[in-house]
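To start, the structure itself, in C-alpha cells.
The values are calculated or read from the model by the stated rules, or taken from the named source; none is laboratory data. From a predicted model like this one, the values you see are computed outputs, not experimental measurements. Glycine also receives a Cβ, built like all others from the backbone with ideal geometry; neighbour counts cover every protein chain displayed. Surface areas here come from the heavy atoms of the whole protein model, side chains and all, with no ligands, DNA or RNA. Shrake-Rupley method; radii C 1.70, N 1.55, O 1.52, S 1.80 Å.
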Amino acid sequence: MYGNWGKFLRVNLSTGEVKVEEYDEELAKKWLGSRGLAIYLLLKEMDPKVDPLSPENKLIISPGPLSGTSAPTGGRYNVVTKSPATGFITMSNSGGYFGAELKFAGYDAIVIEGKAENPVYIYIKDENVEIRDASHLWGKLVSETEETLRKEIGGKKLRIASIGPAGENLVKFAAVMNDGHRAAARAGVGAVMGSKNLKAIAVEGSKTVPIADRHKFMLTIREKINKLRNDPVAGGGLPKYGTAVLVNIINENGLYPTRNFQTGVYEYAEEQSGEAMAAKYLIRNQPCYACPIGCGRVNKLPTGGVTEGPEYESTWAFGANLGINDLASIIEANHMCDELGLDTISTGGTLATAMELYEKGILKDEDLGDAPPFRWGNTEVLHYYIEKIARREGFGDKLAEGGYRLAESYGHPEYSMSVKKLELPAYDPRGAEGHGLGYATNNRGGCHIKNYMISPEILGYPYKMDPHDVSDDKIRMLLLFQDLTAIIDAAGLCVFTTFGLGPDDYRDMLNAALGWDFSTEEYLKIGERIWNAERIFNLKAGLDPAKDDTLPKRFLEEPMPEGPNKGYVVRLKEMLPRYYRMRGWTEDGRVTKEKAEELGIAEFL
Ligand code: SF4
C-alpha cells in the first residue's frame, strides 16, 4: 500500500493494552484515510449514543495519506470523536508538525479507548509505544507540558499534542494543542482527551512515507505549488497578512459579526485587521509542515515575548464580537487560550452571549459577584474570564459549558449564536446565505471550515456567486464544498489550498502518491460517503433534523440592520428541503437506504 501504511495503533487506557492493527487497500479505497478512516472505525465499533465524556467514547487521532509527504500543506491531522459540546460527531483538524511526525512513526491513526486511572501520556517512537505516568504534567500549561516532555525525553524530532487545564477540567470547548500554538480546537476534543486522563501524546518517527511513483509525484506537486504561489490569495494575501487579511474584506462586505451578531459592520475593523497586525506586531510567518502558503503569524506579545497568531477567527472572536478595540488585548487573549487549551471561537462566542444577556438585563451584577461586568468593549472581561473558564472557577464554571447552555440556563437560548450548540465563527450568514445553509447542515454544527461558502460567495473561488442567490446552483456548490473538504481532510491537507487548487488537482496528487487511477468523480464519491457516514452517526446519536438543522432565530427573523446586506435574513426554509433532496435524503433529512447502498454504507444504517 502507498500513502497509507495500512496500520493503526489501538491504545486502551483502561487496560494499558497497546496493539497494532492492520487494514487493507480496499478499505483505503473506500475511505481514503484520516477523517474517512475515523468515521468508519467509529461507526463500526462504537454506539453513537455513548456519553462523550465516558470511557466508552473513542478518540481517534489520524493523519492522512498525504501527511508527511511533500504535498503542499501535507502535515494535517484530524481528531475525531463524539463531541461533548454538540453530542454529535466532530472532526477537528490541526496543522503544525505533529500529524506528519505521527505518520513518520508508521501509523495512519491512533484509536484511544477507555480511561486511565491516573494521568498518563503516550510516548511513540516508531514500534516502541508506551503509556507513561503524567501526574507531574497535570495542571501544566501547554508550553510547560511541551518543555517538560522535551527535557524528559530528549529527541530533536519530538512532536507533542497535549491538553491544557481546560481539557483537564472538561471545558466543553477545550482544544487539543500541538506544536505550542496549533489547535484541533472545535467542539471539545480536548475535554474528551481530559476525560480519559490523557495529558499528551509525544511522538518521533524515522520512516519515509511510501509513494507509488516518486518522480511523477514530485512533478505533480511542483505544478500544484506553483499554482498556489501564483494565486493572489494563497500566494499573496495569506502569506502577507495571515488569515486576518479577511477582516477588512468581510467587514466591507457587511458580514463581519459585531456584538454577538447584532450587526455585520464593525467600526474598528481596520485597526485590528491583518494589515494593522503586520504593521505593529508581526515578526515573521510561521508555516506548518510542507506549506508553501505560510499563513501562520509569529507576533510580538504586547506583555513581552512572542506568540503565534491570532488568526482571523480569533481576532474577531475577541474583537468585533465583544465590541473590543484593542489589538494588544486580543493578541494576549489568543495566547492565553493557546496556553490553557481553549477554542478561541467558542470562548469568544460564549463571552459575547454573556455580554448580550447582560445588556438585555437578563444576566445581572448579582449573578457575577466581584467579577467584572459583561459590558461591550470591556477588555478586563476578556483576560479575567478566559482564565476562569479554563479553571472552571466562579462564573467561569457556567461559561465553561458554552454559550448555548449559558443562554438556555437563563431561559433565552436565542441569544446564543450557535448551531447544534456549537458557537458560530466570523461570518454573519445574512451576508452569505449559502454559507448559512452550510452552518445549518454541517455535521459538527456551527462550523465554517467544512463548507467554506465564503469562497464563492465573497472571495470569488472557484468563481463569484451572488451571496443572496439561493438557487439550486448555490446548493450544488455547497454539496461540492462539503464533499471536497471531506477529501482534503481525509488526505491530510489544509483547506486553504482550495485558494488555487481545484478538485482535479487533489486527484492528481492522490493518484501519483497512492498509485491509483481514480477519477475526480470517484474521489468526490469518497467525500460524499464520508459526509453521509457522519450524518448516519449523528442520526443514530439522536439528531432531529427538524430541530437541529437550523440557525439562530436572529438570522431567520431579524433583518440585517445596516451595511450592504441591510434588510436580509437567511432564506433557510427555501433552501433546506432542496438540500435534502439533492443529497438524495428523505424529505425530513434522513439518509435513505438507496443512498446508503449506492455509497456502500448500508451496514451502518
Ligand atoms: S495555509 Fe496556514 S494553516 Fe494551512 S497549512 Fe499553511 S500555514 Fe498551516
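When you go through Asp428, Asp508, Asp472 one by one, which is the residue that is touching a residue at least 60 places away in the same chain (Cβ under 8 Å), among the acidic types (Asp, Glu), more than 22 Å from Ala541 (Cα to Cα) and crowded, with 24+ Cβ neighbours inside 10 Å?
Asp428
Does the stretch 233-245 contain at least one residue that is among the aromatic types (Phe, Trp, Tyr), out of contact with any Phe, Trp or Tyr (no Cβ under 7 Å at 6 or more places or on another chain) and open to solvent by 10 Å² or more (accessible area, probe 1.4 Å)? Break it down stepwise before answering.
If we filter the stretch 233-245 for residues that are among the aromatic types (Phe, Trp, Tyr), which is where we start, we get 241.
This time we only want the ones that are out of contact with any Phe, Trp or Tyr (no Cβ under 7 Å at 6 or more places or on another chain), so: 241.
Going one step further and asking which of them are open to solvent by 10 Å² or more (accessible area, probe 1.4 Å), we end up with 241.
Yes, the conditions are met somewhere in the stretch 233-245.
Residues being under 14 Å from Tyr358 (Cα atoms) and buried (at least 21 other Cβ atoms within 10 Å of the Cβ): count how many of those fall in the stretch 372-394. Can you show your working first?
Step one: list which residues in the stretch 372-394 are under 14 Å from Tyr358 (Cα atoms), which gives 372-378, 381.
Still in the running and buried (at least 21 other Cβ atoms within 10 Å of the Cβ): 374, 381.
Counting residues in the stretch 372-394 that are under 14 Å from Tyr358 (Cα atoms) and buried (at least 21 other Cβ atoms within 10 Å of the Cβ) gives 2.
Go over the candidates Pro561, Pro577, Pro503, Pro545 one by one and state the one that is at pLDDT 95 or above and in contact with a strand residue (DSSP E or B) (Cβ under 7 Å, 6 or more places away or on another chain). Lay out the reasoning, then the answer.
On the way: Pro577 fails: in contact with a strand residue (DSSP E or B) (Cβ under 7 Å, 6 or more places away or on another chain); Pro503 fails: in contact with a strand residue (DSSP E or B) (Cβ under 7 Å, 6 or more places away or on another chain); Pro545 fails: in contact with a strand residue (DSSP E or B) (Cβ under 7 Å, 6 or more places away or on another chain).
The match here is Pro561.
Collect the residues in the stretch 209-227 that are within 16 Å of the ligand (Cβ to nearest atom) and under 17 Å from Gly492 (Cα atoms), keeping them in residue-number order.
Selection gives Ile221, Lys224, Ile225.
Would you list the strands (runs of 3 or more DSSP E) that sit entirely within the stretch 74-155 and hold 1 or more residues that are crowded, with 21+ Cβ neighbours inside 10 Å and at negative phi? Spell out how you get there, then give the answer.
Working: elements: 77-82, 89-94, 110-113, 120-125, 128-133.
So the answer is 77-82, 89-94, 110-113, 120-125.
Within the stretch 21-45, which residues are buried (at least 18 other Cβ atoms within 10 Å of the Cβ) and not in a helix (DSSP H, G or I)?
Within the stretch 21-45, Tyr23, Leu32, Gly33, Ser34 qualify.
Can you confirm whether the stretch 62-80 contains a residue that is under 30 Å from Lys547 (Cβ atoms), modelled with pLDDT of 95 or more and not aliphatic (A, V, I, L, M)?
There is at least one residue in the stretch 62-80 that is under 30 Å from Lys547 (Cβ atoms), modelled with pLDDT of 95 or more and not aliphatic (A, V, I, L, M).
Taking the condition open to solvent by 30 Å² or more (accessible area, probe 1.4 Å) and away from the ligand (no atom under 16 Å from the Cβ), does Thr353 pass? Give the steps one after another, and end with the answer.
Values: open to solvent by 30 Å² or more (accessible area, probe 1.4 Å): no; away from the ligand (no atom under 16 Å from the Cβ): yes.
Here the answer is no, as Thr353 does not meet what is asked.
Does Lys540 satisfy the criteria of being open to solvent by 10 Å² or more (accessible area, probe 1.4 Å), charged (D, E, K, R) and either in contact with an Asp or Glu (Cβ under 7 Å, 6 or more places away or on another chain) or closer than 21 Å to Ser83 by Cα (or both)?
Working: open to solvent by 10 Å² or more (accessible area, probe 1.4 Å): yes; charged (D, E, K, R): yes; either in contact with an Asp or Glu (Cβ under 7 Å, 6 or more places away or on another chain) or closer than 21 Å to Ser83 by Cα (or both): yes.
In short, yes.
Every residue in the stretch 545-562 that is open to solvent by less than 40 Å² (accessible area, probe 1.4 Å) and part of a loop (DSSP other than H, G, I, E, B), please. It would help to see each step written out before you state the result.
Residues of the stretch 545-562 that are open to solvent by less than 40 Å² (accessible area, probe 1.4 Å), as a first pass: 545, 548-549, 551-552, 554-555, 560.
Selection gives Asp549, Leu551, Pro552, Met560.
Might you let me know whether the stretch 25-32 holds any residue that is touching a Lys or Arg at 6+ places or on another chain (Cβ under 6 Å), at pLDDT 95 or above, away from the ligand (no atom under 16 Å from the Cβ) and charged (D, E, K, R)? Full working, then the answer.
In the first step, residues of the stretch 25-32 are kept if they are touching a Lys or Arg at 6+ places or on another chain (Cβ under 6 Å); the result is none.
No, there is no match, as no residue in the stretch 25-32 is touching a Lys or Arg at 6+ places or on another chain (Cβ under 6 Å), at pLDDT 95 or above, away from the ligand (no atom under 16 Å from the Cβ) and charged (D, E, K, R).
Take the stretch 431-457 and flag every residue that is under 15 Å from Pro257 (Cα atoms) and either open to solvent by less than 10 Å² (accessible area, probe 1.4 Å) or of a type in the set (Asp, Glu) (or both).
We begin by selecting, within the stretch 431-457, every residue under 15 Å from Pro257 (Cα atoms); these are 431-433, 435-436, 439, 446-448, 454.
Of everything in the stretch 431-457, those that are under 15 Å from Pro257 (Cα atoms) and either open to solvent by less than 10 Å² (accessible area, probe 1.4 Å) or of a type in the set (Asp, Glu) (or both) turn out to be Gly431, Ala432, Glu433, His435, Gly436, Tyr439, Gly446, Cys447, Ile454.
From the list Gly294, Gly254, Gly274, pick out the single residue that is within 16 Å of the ligand (Cβ to nearest atom), small (Gly, Ala, Ser), open to solvent by less than 10 Å² (accessible area, probe 1.4 Å) and at positive phi.
Details: Gly254 fails: within 16 Å of the ligand (Cβ to nearest atom); Gly274 fails: at positive phi.
Going through Gly294, Gly254, Gly274 in turn, the sole match is Gly294.
I'm checking my understanding of the structure. Among residues of the stretch 297-328 that are within 16 Å of the ligand (Cβ to nearest atom) and in a helix (DSSP H, G or I), which one is surrounded by the most Cβ atoms within 10 Å (Cβ to Cβ)?
We begin by selecting, within the stretch 297-328, every residue within 16 Å of the ligand (Cβ to nearest atom); these are 297-299, 307-315.
Among the residues that remain, those that are also in a helix (DSSP H, G or I) are: 312-315.
On the way: Tyr312: 23, Glu313: 25, Ser314: 27, Thr315: 31.
In this case the residue turns out to be Thr315.
Test Met336 against the stated conditions and say whether it is more than 27 Å from Gly254 (Cβ to Cβ) and either without any contact (Cβ under 8 Å) to a residue 12 or more places away in the chain or in a helix (DSSP H, G or I) (or both).
Details: more than 27 Å from Gly254 (Cβ to Cβ): yes; either without any contact (Cβ under 8 Å) to a residue 12 or more places away in the chain or in a helix (DSSP H, G or I) (or both): yes.
Against the criterion (more than 27 Å from Gly254 (Cβ to Cβ) and either without any contact (Cβ under 8 Å) to a residue 12 or more places away in the chain or in a helix (DSSP H, G or I) (or both)), Met336 qualifies.
Out of the residues in the stretch 156-197 meeting the condition of being within 16 Å of the ligand (Cβ to nearest atom) and open to solvent by less than 10 Å² (accessible area, probe 1.4 Å), tell me which one is farthest from Gly348 (Cα to Cα).
Our first condition is that a residue be within 16 Å of the ligand (Cβ to nearest atom); within the stretch 156-197, this holds for 159, 161, 175-186.
Narrowing further to those that are open to solvent by less than 10 Å² (accessible area, probe 1.4 Å): 161, 175-178, 184.
Values: Ala161: 23, Ala175: 14, Val176: 18, Met177: 18, Asn178: 21, Ala184: 17 Å.
Selected residue: Ala161.
In the stretch 55-67, what residues are open to solvent by less than 10 Å² (accessible area, probe 1.4 Å) and in contact with a Gly (Cβ under 9 Å, 6 or more places away or on another chain)?
Correct list: Ile61, Ser62, Pro63, Gly64, Pro65, Leu66, Ser67.
Examine the stretch 321-329 for a residue that is modelled with pLDDT under 95, more than 21 Å from Val419 (Cα to Cα) and β-branched (Val, Ile, Thr), and state whether such a residue exists.
Within the stretch 321-329, not a single residue is modelled with pLDDT under 95, more than 21 Å from Val419 (Cα to Cα) and β-branched (Val, Ile, Thr).
Do you know which residues across the stretch 449-468 are touching a residue at least 40 places away in the same chain (Cβ under 8 Å) and touching a Pro at 6+ places or on another chain (Cβ under 6 Å)?
None; the set is empty.
Quick check, is Cys337 within 16 Å of the ligand (Cβ to nearest atom), modelled with pLDDT of 95 or more and not small (Gly, Ala, Ser)?
Details: within 16 Å of the ligand (Cβ to nearest atom): no; modelled with pLDDT of 95 or more: yes; not small (Gly, Ala, Ser): yes.
So Cys337 fails the test.
Considering every residue within the stretch 479-492, establish whether at least one is at positive phi and away from the ligand (no atom under 16 Å from the Cβ).
If we filter the stretch 479-492 for residues that are at positive phi, which is where we start, we get 492.
In the following step, the residues that additionally are away from the ligand (no atom under 16 Å from the Cβ) were identified as none.
Looking through the stretch 479-492, none of the residues is at positive phi and away from the ligand (no atom under 16 Å from the Cβ).
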